[in-house]
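Worksheet: the structure to be examined is printed underneath.
Values in this text are rule-based calculations from the coordinates and carry no lab data. Keep in mind it's a predicted model, so treat the numbers as computed, not measured. Here Cβ is always computed from backbone atoms with ideal geometry, including for glycine, and neighbour counts include all displayed protein chains.
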Amino acid sequence: SLASTAITCFTRGLDLRKRTEDVLCPANCPLWQFYVFGDGVYASLSSICGAAIHSGVITNAGGAVRENYPAVNANGIQSQVLSRWASSFSVTAGTKSTALEAVGRSVSTAQPSTGKRPKKTLDKKAGNKDCKADIAFLIDGSYNIGQRRFNLQKNFVGKVAVMLGIGTEGPHVGVVQASEHPKTEFYLKNFTAAKEVLFAIKELGFRGGNSNTGKALKYTAQKFFSLENGARKGIPKIIVVFLDGWPSDDLEEAGIVAREFGVNVFIVSVAKPTTEELGMVQDIGFVDKAVCRNNGFFSYQMPTWFGTTKYVKPLVQKLCSHEQMLCSKTCYNSVNIGFLIDGSSSVGESNFRLVLEFVSNVAKAFEISDIGSKVAAVQFTYDQRTEFSFTDYVTKEKVLSAIRNIRYMSGGTATGDAISFTTRNVFGPVKDGPNKNFLVVLTDGQSYDDVRGPAAAAQKAGITVFSVGVAWAPLDDLKDMASEPRESHTFFTREFTGLEQMVPDIIRGICKDFLDSKQ
């Protein structure tokens with residue numbers, strides 16, 4: 001092509017002034033001198049000809065290439081934050097063939113390679129392992145948005161999907177379209193590569209109808225994240241709701257359902273209602289009622305669907321902030337743990353303090369709150385005394401202080417009766433709640449009554465039992481009380497000082513059972 005600008009082997013995207021330029025690479029550029037960063041999209045540090053040869057657009061014999069979009073944030077690709085990298089660029093074949101031009105479209109984030117050798121970027125299949133999330137994009141397919149803006153919305157969602165770094169070990173995404181009735185366009189399990197997702201998004205058809213976003217949000221929270229649809233255990237579930245204007249229905253109930261199901265809801269609102277339009281909106285606070293937490297983190301605003309590229313990266317950063325996903329159900333925020341504490345005379349005052357310390361250290365690991373995990377304690381001899389129930393204290397400080405203040409009873413040992421009492425009085429009131437129930441039984445001796453029947457009844461009522469024995473506690477009793485598999489739910493130590501070492505194992509055991517029980 002005659003119009004091509006002749007450049008050297010080392011000219012970079014940064015050195016060109018135009019947004020798109022046809023260039024002519026000389027023959028025999030010394031490959032060993034190239035550091036190529038990127039695969040499809042390159043850092044400005046790479047030379048254009050190096051990138052062209054690296055990606056197979058031309059051979060080492062040189063030739064015409066197109067060089068497009070030098071920018072800090074271009075086509076959904078953000079250059080790496082190295083002070084000397086100012087831009088990213090892509091190269092495409094320089095002939096007039098448009099088929100090849102599409103190859104230069106970004107499908108992966110420019111990743112710097114660590115070594116000095118030109119080498120392929122990170123394992124593309126695995127995706128971005130640092131971003132663990134299962135995401136449903138709930139897109140607006142209503143008459144509110146219309147066909148044209150619907151297409152712009154698809155472009156934006158595509159850019160977000162690409163930048164997330166979708167892969168087998170990275171984020172997985174699916175799409176639900178909200179209109180009159182919600183429709184799942186594809187599930188988490190359908191695609192694990194950005195290219196496939198991008199193609200599926202491009203193919204989406206506009207449905208039209210009222211924007212029944214509340215109905216769609218409730219449907220997505222309840223149905224989308226099942227294991228058979230590809231949701232993964234222990235990975236945050238996220239719904240990103242795109243809303244053009246305002247919803248035709250109510251979002252409050254859907255928001256509650258999503259929180260109950262442990263789903264983190266983000267709302268991306270575009271073209272929010274003007275002062276004149278507010279009269280048509282059923283509930284002005286619709287965003288605050290639907291999001292996971294009304295703390296500013298979960299709501300995101302874009303003025304229009306035009307020029308949205310700069311909004312891609314900040315949204316992706318939010319979606320990848322694992323620790324901010326306050327609505328995810330984890331073992332730490334979704335369990336009720338009841339401690340059944342032996343107060344018999346063989347324990348003695350000082351050992352009883354060690355038992356309380358053990359209880360505190362286990363409780364301390366959990367996120368105790370009115371909507372999180374809860375702790376209760378019962379002390380037993382021949383009698384039982386509820387020290388505090390699951391609803392008495394809803395902060396960690398208050399629970400720990402209540403544990404410290406438990407007074408030693410001293411008396412006999414009726415462990416079976418105590419288990420029945422706790423199942424009925426402590427777990428009874430919460431048995432239909434959202435949390436998974438655990439009972440940790442601590443005893444230092446033989447029970448005067450049968451433990452097997454009461455423990456089986458507790459397990460039948462949905463309570464997982466861990467037995468912790470000290471000193472003279474018979475192993476048979478401990479095993480009879482423990483849930484299956486018994487080996488991993490039974491603990492024993494000769495001395496009360498040995499309790500401390502068991503704390504991490506009990507916490508780990510609770511978390512393992514919690515994960516295994518997840519539907």
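Quick notes
- Using C-alpha pairs under 8 Å with a sequence gap of at least 6, the mean separation divided by the residue count of the chain gives a relative contact order of 9 percent.
- The value of relative contact order for segment 335-517, using C-alpha pairs under 8 Å at least six residues apart, is 23 percent.
- Greater than 20 Å apart at Cα, pairs in Lys154/Lys218; Lys237/Lys310; Lys218/Lys289; Lys159/Lys313; Lys218/Lys318; Lys159/Lys223: Lys154/Lys218; Lys237/Lys310; Lys218/Lys318; Lys159/Lys223
- Computed FRET value (nearest 0.05) for Gln147 with Lys18, which takes r as the C-beta separation and R₀ as 25 Å: 0.15
- For the peptides 497-504, 432-439, 171-178, residues were scored by their other Cβ atoms within 10 Å and the scores averaged per peptide; the highest-first order is 171-178, 432-439, 497-504.
- Judged by the mean number of other Cβ atoms found within 10 Å, the most tightly packed of the peptides 194-200, 264-270 leads the ranking 264-270, 194-200.
- Considering only the chain, percent of DSSP beta bridges that pair antiparallel, nearest 5: 30
- Were the residues from Thr275 through Ala126 laid out at 0.36 nm apart, the gain over their Cα-Cα distance would be 49.0 nm.
- You can think of it this way: the chain between Ala456 and Asn295 has 53.5 nm of extra reach, that is 0.36 nm per residue less the Cα-Cα gap.
- Cross-link partners of Lys431 among lysines (Cα-Cα below 21 Å; sequence separation of 8 or more within a chain): Lys329, Lys374, Lys460, Lys512, Lys518
- About its Cα centre, the dipole of the chain is roughly 2340 debye, where the only charges are +1 on Lys and Arg Cβ and -1 on Asp and Glu Cβ.
- Cα-projected label distance for Glu495 with Asp283, points at 7 Å along beta-carbon direction, nm: 5.9
- When only Cα pairs below 8 angstrom with a gap of at least 6 residues are kept, segment 134-324 shows a relative contact order of 23 percent.
- Percent of Cα pairs exceeding the 20 Å cut-off, where the set is segment 371-519: 49
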